[in-house]
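K.L.:
Take this structure first; my questions come after.
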Amino acid sequence: MRVSTQELKRILRDFNARYKAAFSAIVSRSGVPIAWELPPEMKVDHLATLSATIMGAAEVIYTGLTEVRPKRVLVESEGGTLIATGIGEKAFVVAMVPGAADGVTEGLEAATIAIRKVLRGQG
């Protein structure tokens, strides 16, 4: 199956524009970047590796408690919120948005649905 990277990048660009995200990326759970829309000064490999580490750590905590792995991980600061949301078993989308996550999680969920369709060859 051939995945349209350009279509994935379009979904990320649309998300960034609508929610004023500083960046967004699709990353494999092992930390490999799949598609991204980042500022030129950001290194996609660093973002992918560190985001996968955060998501993986949360999954280890949950499974250690015999809970279902988390759907989403949020890291909030005064400057914005980093959100990582699972796309499926093999990947997740990560984004940095200004302010709190309120109102953005719904948009990110819509983006993950569109990304899933592209990854499955239905988009």
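K.L.:
Let me have the 222 nm mean residue ellipticity of the chain computed from DSSP H runs of 4+ only, each contributing -39500 (n - 2.57), with the sum over all residues rounded to the nearest 500.
P.N.:
Numbers: 3 runs with 52 residues, N = 123.
Mean residue ellipticity at 222 nm (helix-derived): -14000 deg cm²/dmol.
K.L.:
Can you run phi through the Karplus equation (6.51, -1.76, 1.60; θ = phi - 60°) for the stretch 22-29 and list ³J(HN,Hα) in whole Hz, with x for Gly and Pro?
P.N.:
Each residue's phi maps through the Karplus curve to give 5, 6, 8, 7, 9, 10, 6, 5 Hz.
K.L.:
Rank by packing, highest mean first: peptides 85-95, 9-19, with packing defined as the count of other Cβ atoms within 10 Å averaged across residues.
P.N.:
On the way: 85-95: 19.3, 9-19: 17.3.
Averaged packing, sorted descending, gives the order 85-95, 9-19.
K.L.:
With the chain treated as a Gaussian network of Cα nodes joined by springs under 10 Å, which of L82, L74, L65 yields the largest mean-square fluctuation?
P.N.:
Of the options given, L65 has the highest mean-square fluctuation.
K.L.:
I've got another one for you. Filter the chain for me: DSSP H helices, axial length by Cα at least 15 angstrom, mean Kyte-Doolittle hydropathy not below -0.5. List them by residue number. Don't skip to the end; give the middle numbers.
P.N.:
Numbers: long enough: 5-19 (21 Å, -1.11); 44-64 (29 Å, 0.90); 104-119 (22 Å, 0.82).
Correct list, ordered by number: 44-64, 104-119.
K.L.:
Hand me the tally of lysine pairs in the stretch 5-119: alpha carbons under 20 angstrom apart, and the pair either on different chains or 8 or more positions apart. It would help to have the intermediate numbers written out before the result.
P.N.:
Values: K9/K20; K9/K43; K9/K90; K9/K117; K20/K43; K71/K90; K71/K117; K90/K117.
Here the count comes out as 8.
K.L.:
How far apart, in nm, are two points set 7 Å out from the Cα along the Cα-to-Cβ line at Q6 and at A100?
P.N.:
Roughly 4.1 nm, to one decimal.
K.L.:
Can you work out ³J(HN,Hα) from phi for every residue in the stretch 89-98, in order, using Karplus 6.51 cos²θ - 1.76 cosθ + 1.60 and θ = phi - 60°, giving whole Hz and x for Gly and Pro?
P.N.:
Rounded to whole hertz, the list is 6, 10, 8, 8, 10, 10, 8, 10, 10, x.
Every read-out reported here was derived from the displayed coordinates using simple, explicitly stated rules and does not represent laboratory data. Fair warning: this is a prediction, and the values are worked out from it, not measured in the lab. Positions of Cβ are generated from backbone atoms using ideal geometry, with glycine treated the same way; all protein chains shown enter the neighbour counts.
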